[in-house]
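Visitor: Here it is, the structure, as structure tokens.
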Amino acid sequence: MNQYKNPVQIEFGRGAIEFLPRFIQKRSALLITSQGFVKRGVVERLQKNNSEITQLIANIQPNPTIEQLKDIRTTLDYEKFDVIVALGGGSVIDAAKAIAPFKKEDKLELLSLLENGLTSDINVKPIIAIPTTAGTGSEVTMWGTVWDDKNKKKYSISDERLYCEVAILDVELHLSIPAEITLQTGLDALSHSLEAIWNKNSNQTSNLYAVQAAKTIIDVLPKLMSDLSNLEFREQMLIASYRAGLAFSNTQTAIAHAMSYYMTLEKGIPHGIAASFTLPAITKVAMSNPAISNILVGIFGDNPSEFLYKLLTQLKITSVSQDYQLSQEDWGKILASLSSTVRSKNSMVESSRVVKLLMQESVMKSNRIGKATIN
């Protein structure tokens with residue numbers, strides 16, 4: 001059975017941000033973003049062209065935390081805006097999803113919201129997303145990530161009402177993305193596409209988007225890393241990220257992301273790297289499933305795992321877990337955590353086999369391609 005749903009309206013094109021007034025539609029708006037877009041003058045331009053923007057939050061940090069978002073929610077007057085405009089990368093769009101739910105009669109505690117979900121009596125402000133990185137796909141999913149850095153825990157917020165109303169994809173906003181973020185988000189998008197393929201929730205449509213995304217990323221990302229100002233490469237990566245988002249919007253992520261959360265919280269490994277350096281090992285195990293292997297061979301050729309090892313090495317990313325200071329004890333903790341992680345349960349690839357392979361590589365201290373550096 002092939003069932004697929006994604007309700008997000010897309011406005012795509014160079015300079016598409018100028019069409020924002022069409023989507024605000026005279027509603028009072030809260031703009032949330034990060035300081036970089038204030039400094040680059042983008043926020044001032046948006047406010048000048050959109051008088052409906054009456055409130056501004058411009059301090060969203062990477063990997064938004066419970067504490068920061070709780071403070072924002074406490075200070076907001078929800079009666080003074082009708083729609084949220086989220087300008088930024090995945091962290092900003094995730095923050096918007098954590099801010100959007102509210103109750104008219106009382107304050108809604110964020111932790112309760114994260115732990116108990118959105119009940120029917122909770123209202124949700126619509127979101128217009130303007131993604132400025134090509135990686136997370138958050139603009140076309142109903143999920144948001146919130147981090148508890150004190151207790152080393154990752155929360156997901158999820159509800160169909162958290163799908164963005166509109167996503168404006170304007171590649172001209174991507175030219176200022178630095179190399180390390182370009183690489184990390186690009187690899188995150190690659191992980192999203194592959195995670196949608198070896199996923200128990202996959203369908204024909206999600207696989208179509210996933211394959212298209214993966215093929216584009218493996219071709220374009222190395223070229224882009226050598227020519228960061230190339231608008232055509234940036235545009236292709238934005239499309240690939242969007243397609244990967246469309247793929248996993250219906251499947252969720254799987255084992256690579258399930259393992260990555262510990263790595264980011266405990267070891268400080270950037271999310272895009274943590275979610276991608278394990279892909280060669282996962283792919284090697286996944287090849288024992290004929291349905292998955294046929295798709296992977298169609299993307300990478302006869303030896304997908306070898307291809308991914310070489311790709312990561314070309315991008316100066318090590319695929320050897322010991323290079324990330326991940327010990328045997330760490331892998332034991334990661335394996336134990338997978339039994340209770342929804343993302344891991346989505347996987348058609350056996351978790352224990354993947355972790356065993358990664359532990360073997362850690363003992364060996366190198367893989368058959370050789371070491372690269374951690375970007």
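The values are calculated or read from the model by the stated rules, or taken from the named source; none is laboratory data. If you're wondering where the values come from, they're calculated on a predicted model, not measured in any experiment. Glycine also receives a Cβ, built like all others from the backbone with ideal geometry; neighbour counts cover every protein chain displayed. Just so you know, the surface numbers come from the protein's heavy atoms only, side chains and all, with ligands and any DNA or RNA stripped out. Shrake-Rupley method; radii C 1.70, N 1.55, O 1.52, S 1.80 Å.
Visitor: How much length, in nm to one decimal, is gained on full extension between T205 and D302, taken as 0.36 nm per residue of separation minus their Cα-Cα distance?
Guide: Extra length from T205 to D302 when fully extended: 32.5 nm.
Visitor: In addition: So for the pair N123, E109, with labels modelled 7 Å out along Cα→Cβ, what separation do we get in nm?
Guide: 2.2
Visitor: If you look for lysine pairs in segment 33-170 that are eight or more places apart or on different chains, how many of them have Cα atoms under 21 Å apart?
Guide: Within segment 33-170, the lysine pair count is 25.
Visitor: Once you have the Cα-Cα distance between E329 and S229, take 0.36 nm times their residue separation minus that, and quote the gain in nm to one decimal.
Guide: In short, 31.8 nm is gained.
Visitor: List, in order, the whole-Hz ³J(HN,Hα) value for each residue of segment 230-237 obtained from phi through the Karplus relation with A = 6.51, B = -1.76, C = 1.60 and θ = phi - 60°; use x for Gly and Pro.
Guide: So the J values, rounded to whole Hz, are 7, 5, 5, 5, 4, 5, 5, 5.
Visitor: Roughly what % antiparallel, to the nearest 5, for the DSSP beta bridges in the chain?
Guide: On the way: 9 of 29 bridges.
DSSP beta bridges in the chain are roughly 30 percent antiparallel.
Visitor: Moving on to the next point. Evaluate 2.2 N^0.38 Å with N set to the residue count of the chain, then give the Cα radius of gyration divided by it.
Guide: Working it through for the chain, the quotient is 0.96.
Visitor: Does segment 266-349 come out rounded, prolate or oblate by the C-alpha gyration tensor, with a ≥ b ≥ c the root eigenvalues, rounded set by a/c under 1.5 and, if not, prolate when a/b is larger than b/c and oblate if not?
Guide: oblate
Visitor: In Å and whole numbers, how far do the C-alpha atoms of segment 99-196 stretch along each principal axis, longest first?
Guide: 45, 32, 26
Visitor: May I ask for the angle, rounded to the nearest 10°, between helix 255-267 and the longest principal axis of the chain, with both axes built from Cα atoms and the value confined to 0 to 90°?
Guide: The answer is roughly 80 degrees.
Visitor: Moving to a separate point now. I'd like the Karplus ³J(HN,Hα) series for segment 338-348: coefficients 6.51, -1.76, 1.60, θ = phi - 60°, whole numbers in Hz, and an x wherever there's a Gly or Pro.
Guide: 5, 5, 10, 9, 4, 4, 5, 5, 6, 7, 8
Visitor: Over the chain, with a Gaussian network built from C-alpha contacts below 10 Å, which listed residue (K215, K39, K267) shows the highest mean-square fluctuation?
Guide: It is K39.
Visitor: Suppose each label sits 7 Å from its Cα in the direction of the beta carbon; what would the S288-E266 distance come out to in nanometres?
Guide: 2.4
Visitor: Still on this model: Between K215 and S352, with labels modelled 7 Å along Cα→Cβ, what's the label distance in nm to one decimal, could you check?
Guide: Between K215 and S352, the label points sit 3.8 nm apart.
Visitor: Then there is this: I'd like to check one number: the per residue accessible area of the chain, probe 1.4 Å, reported in Å² as a whole number.
Guide: 41
Visitor: Could you order T54, T136, T251 by accessible surface area, starting with the largest, using a probe radius of 1.4 Å?
Guide: Correct descending sequence by accessible area is T54, T136, T251.
Visitor: Okay, next question. Taking the Cα centre of segment 139-293 as the origin, how large is its charge dipole in debye, to the nearest 20, when only Lys and Arg (+1) and Asp and Glu (-1) carry charge on their Cβ atoms?
Guide: Value, rounded to 20: 640 debye.
Visitor: Another question about this same structure. How many percent of the accessible area of the chain is carbon or sulfur, using a 1.4 Å probe?
Guide: Result for the chain: 49 percent of the exposed heavy-atom area is carbon or sulfur.
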